[in-house]
Amino acid sequence: MKCVPYESIEATRFNNEKIQGVAARVVIGKADGAENFCMRVFEIAPGGNTPKHAHDWEHEMFIHAGSGEVFVGGQQNSICAGSVVFIPSGQEHQIRNVGSEPLVFVCLVPAKAPEL
């Protein structure tokens, strides 16, 4: 069993030409014995974004705090705390923080996906 504050897990930080202001944590993964899913928590700084990308697995997201936009399948959608997002496999997607506070979300992916 694992029960810890997510902030106690060290973040991997990304900041380059394609991804800006992103801190990502694998909060439950293979190292914890999780065989089916990986749970990650992302924090995107105001003005930050993930890269536009696609992959062959779905993922589910729960927006915990902040506001932003999610681009999925050619459409831009507003998101805020309490929003849920389903991204089907093969769909190009991107998350952007358009607010003034950090955008924090939980992302679940299948075990076959890279943890980060």
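The values are calculated or read from the model by the stated rules, or taken from the named source; none is laboratory data. None of the values given here were measured: they were computed from a predicted structure. No Cβ is skipped: glycine too gets one built from the backbone with ideal geometry, and neighbour counts run over all protein chains shown. Surface accessibility is based on the protein's heavy atoms, side chains included, excluding ligands, DNA and RNA. Shrake-Rupley method; radii C 1.70, N 1.55, O 1.52, S 1.80 Å.
Listed here are the residues, each with its yes/no results for (1) closer than 13 Å to Leu116 by Cα; (2) touching a residue at least 40 places away in the same chain (Cβ under 8 Å).
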residue	(1), (2)
Lys2	no, no
Ala23	yes, no
Ile28	yes, no
Pro46	no, yes
Thr50	yes, yes
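Can you tell me which residues in the range 1-32 are open to solvent by less than 30 Å² (accessible area, probe 1.4 Å), part of a loop (DSSP other than H, G, I, E, B) and of a type outside the set (A, V, I, L, M, F, W, C)? Within the range 1-32, Gly29 is the sole residue that qualifies. On inspection, Ser100 qualifies as touching a residue at least 12 places away in the same chain (Cβ under 8 Å), hydroxyl-bearing (Ser, Thr, Tyr), touching a Pro at 6+ places or on another chain (Cβ under 6 Å) and open to solvent by 40 Å² or more (accessible area, probe 1.4 Å). On inspection, Ala54 qualifies as in contact with an Asp or Glu (Cβ under 9 Å, 6 or more places away or on another chain), of a type outside the set (D, E, K, R) and either open to solvent by 40 Å² or more (accessible area, probe 1.4 Å) or farther than 30 Å from Met1 by Cβ (or both).
Within the set Glu35, Glu69, the sole residue that is farther than 25 Å from Pro5 by Cα, of a type outside the set (Lys, Arg) and either open to solvent by 30 Å² or more (accessible area, probe 1.4 Å) or part of a strand (DSSP E or B) (or both) turns out to be Glu69.
Looking only at residues of the range 72-97 that are polar (S, T, N, Q) and under 18 Å from Val41 (Cα atoms), we find that the one that is least open to solvent (accessible area, probe 1.4 Å) is Asn97.
Restricting attention to the range 51-61, does a residue exist that is farther than 14 Å from Val104 by Cβ, over 12 Å from the mean Cα position of the chain (by Cα) and part of a strand (DSSP E or B)? Yes: the range 51-61 contains one or more residues that are farther than 14 Å from Val104 by Cβ, over 12 Å from the mean Cα position of the chain (by Cα) and part of a strand (DSSP E or B).
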